[in-house]
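Q: Sending over a structure as structure tokens; questions will come in a sec.
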Amino acid sequence: ASYRSQLLEGKERYPVITIVLYFGEKRRWNYSSHLIDSFDLSLSSDDVLREYISDYKINVFDIGAMTFQETSLFQSDFREIAEHFVKVRQGGEYIPSDRIITHVDEFLKLMKILTGDKRYNQLGNLLNKCEGGRVSMCRILDEYENRGIQRGMSQGISQGEELMSKLVVKLMQAGRADELERAAIDSEYRRRLFMEYEL
């Protein structure tokens, strides 16, 4: 069969549309929307070769450049992602909504990829178990913040214990064991000892 008959016979054919979703946090898409401009050909607009090169229009949707009116048209979980990037681009504070996220695991994985923040992955398992998959972005960020606070408190306690241990050793070595009780209960005296021993 000829090439022409192969094209005309058989199954239905559908067009292929290429769409680029751009999630730049700091700046707008400022590249060409034509494939030909991506080649290093140094062709002028009247160059004879240009007419023989197949050019494709790149359909770019700059998510961060959208308006909130435009993001409100999304009915899926993607609306939360779009709103997040619009707020980040504007430099304002992102205030999450209490809309329920339908596909929590997929949502968190995509947020991890788009933001580069691995904590979204860690939250996925916890939230799915605790809430049966019914989670809002507001709940995700609350958990995100709580985990940060808990981690900070844990690190602070650990550092405090280590500092106190060093002070105990210094006092024991200096023959000042009788001052340990006062150091344990008097915070001002303890601070003076920390400064004295440069801890």
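The values are calculated or read from the model by the stated rules, or taken from the named source; none is laboratory data. From a predicted model like this one, the values you see are computed outputs, not experimental measurements. Cβ atoms come from the backbone with ideal geometry, glycine included; neighbour counts cover every protein chain shown. Only protein heavy atoms, including side chains, enter the accessible area calculation; ligands, DNA and RNA are left aside. Shrake-Rupley method; radii C 1.70, N 1.55, O 1.52, S 1.80 Å.
Q: List, in order, the whole-Hz ³J(HN,Hα) value for each residue of region 25-33 obtained from phi through the Karplus relation with A = 6.51, B = -1.76, C = 1.60 and θ = phi - 60°; use x for Gly and Pro.
A: 3J(HN,Hα) across region 25-33, in whole Hz: 7, 9, 9, 6, 5, 10, 10, 5, 9.
Q: Taking H as built 1.01 Å from N, whose amide H comes closer than 5 Å to the amide H of Asp117, not counting residues under 5 places away?
A: Under 5 Å from the amide H of Asp117: no residue qualifies.
Q: Here's a follow-up. Determine the sum of side-chain charges near Val20: Lys and Arg each +1, Asp and Glu each -1, restricted to other residues whose C-beta is under 12 angstrom from that of Val20.
A: My count for the surroundings of Val20 gives 0.
Q: Sorted by accessible area (1.4 Å probe), largest first, how do His103, His34 line up?
A: Listed by decreasing accessible area, they come as His103, His34.
Q: So what does log10 I(q)/I(0) come out to for region 69-116 at q = 0.25 Å⁻¹, using the Debye formula with one equal point on every Cα and no solvent?
A: -1.06
Q: How much length would be gained if the chain were fully extended between Arg27 and Asp55, taking 0.36 nm per residue of separation minus their Cα-Cα distance, in nm to one decimal?
A: Stretched out fully, the Arg27 to Asp55 stretch lengthens by 7.5 nm.
Q: If you rank Ile63, Ile95, Ile100, Ile53 by how much accessible surface each has, with a 1.4 Å probe, what is the order from largest down?
A: Ile95, Ile100, Ile53, Ile63
Q: Another one. Under 5 Å between amide H atoms, partner at least 5 residues away or on a different chain: which partners does Asp62 have, H built in plane at 1.01 Å?
A: Those lying under 5 Å, H to H, from Asp62 are Tyr22.
Q: 5 Å is the cut-off here: which amide hydrogens, built 1.01 Å from N in the peptide plane, fall below it relative to Ile101, excluding neighbours closer than 5 in sequence?
A: Long-range HN contacts for Ile101: Val135, Ser136, Met137.
Q: Sticking with this one: Could you give the length gained on full extension between Ile36 and Val16, defined as 0.36 nm per residue of separation minus the Cα-Cα distance, in nm? Don't jump to the answer; show the numbers that get you there.
A: Working: separation 20, 0.36 × 20 = 7.20 nm, distance 1.82 nm.
The span from Ile36 to Val16 would gain 5.4 nm if fully extended.
Q: Suppose accessible area is computed on protein heavy atoms with a 1.4 Å probe; arrange Leu35, Leu108 from highest to lowest.
A: Leu35, Leu108
Q: Taking a threshold of 31 Å on the Cα-Cα distance, which of the pairs Lys112/Lys166; Lys26/Lys57; Lys57/Lys87; Lys118/Lys170; Lys26/Lys118 fall above it?
A: Long pairs (Cα-Cα over 31 Å): Lys112/Lys166; Lys118/Lys170.
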